[in-house]
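Report on the structure given below.
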Amino acid sequence: MTKPLTLTLDDALLTRVEAAAALAGLSAEAWATMRVTDALVAHGMHEDAAVFDADARVDGWVDDRTAEARAFQHAASLAALEEYDRTGISFPFEEWATEFRADVEARLAKRWVC
């Protein structure tokens, strides 16, 4: 069951919401619903998603991914968090990075053998 909710936004905020919705290919209402849903994660980890927002500007960086890429990466992130919530298994970044680096170095060593 859904119930309507009326939000009163000032002009500047409404403009930002409409711009973000347009970037995502959504109506302002659908975009706002998505953002509220994302913000109210019932359980599990919840990172500050601000740097991943379509309208985020971090040190001059502009997110130029396509709407499809953003949607795919968003879905993949949610799936990873759901798996973590289900299993409780995670891998520290340092462990992953060490294994990744060793793999890359091994491949490079094979490639450059004379």
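The values are calculated or read from the model by the stated rules, or taken from the named source; none is laboratory data. Since the model is a prediction, treat every value here as computed from it, not as a measurement. All Cβ positions, even for glycine, are placed from backbone atoms using ideal geometry, and neighbour counts span all protein chains on display.
Remark: pairs (first residue in the stretch 86-99, outside any helix (DSSP H, G or I); second residue surrounded by 10 or more Cβ atoms within 10 Å (Cβ to Cβ); Cβ separation under 8 Å; 6+ apart in sequence or on different chains) = Ile89/Glu83; Ser90/Tyr84. Looking at (1) over 26 Å from Ala80 (Cβ atoms); (2) modelled with pLDDT under 55, find the lone condition where Ala49 falls short. Against the list (1) over 26 Å from Ala80 (Cβ atoms); (2) modelled with pLDDT under 55, Ala49 comes up short only on (1). Filter the stretch 1-40 down to the residues that are of a type in the set (D, E, K, R) and within 22 Å of the chain's Cα centre (by Cα) and list them by number. Correct list: Arg16, Glu18, Glu29, Arg35, Asp38.
Residues in the stretch 81-114 that are among the aliphatic types (A, V, I, L, M) and modelled with pLDDT of 85 or more were compared, and the one that is farthest from Leu26 (Cα to Cα) is Ala109. Contact annotation: residue pairs with Cβ atoms under 7 Å, 6 or more positions apart or on different chains, pairing a residue in the stretch 1-29 that is among the charged types (D, E, K, R) and at pLDDT 90 or above with a partner that is surrounded by 11 or more Cβ atoms within 10 Å (Cβ to Cβ) and not in a helix (DSSP H, G or I), are Arg16/Asp55.
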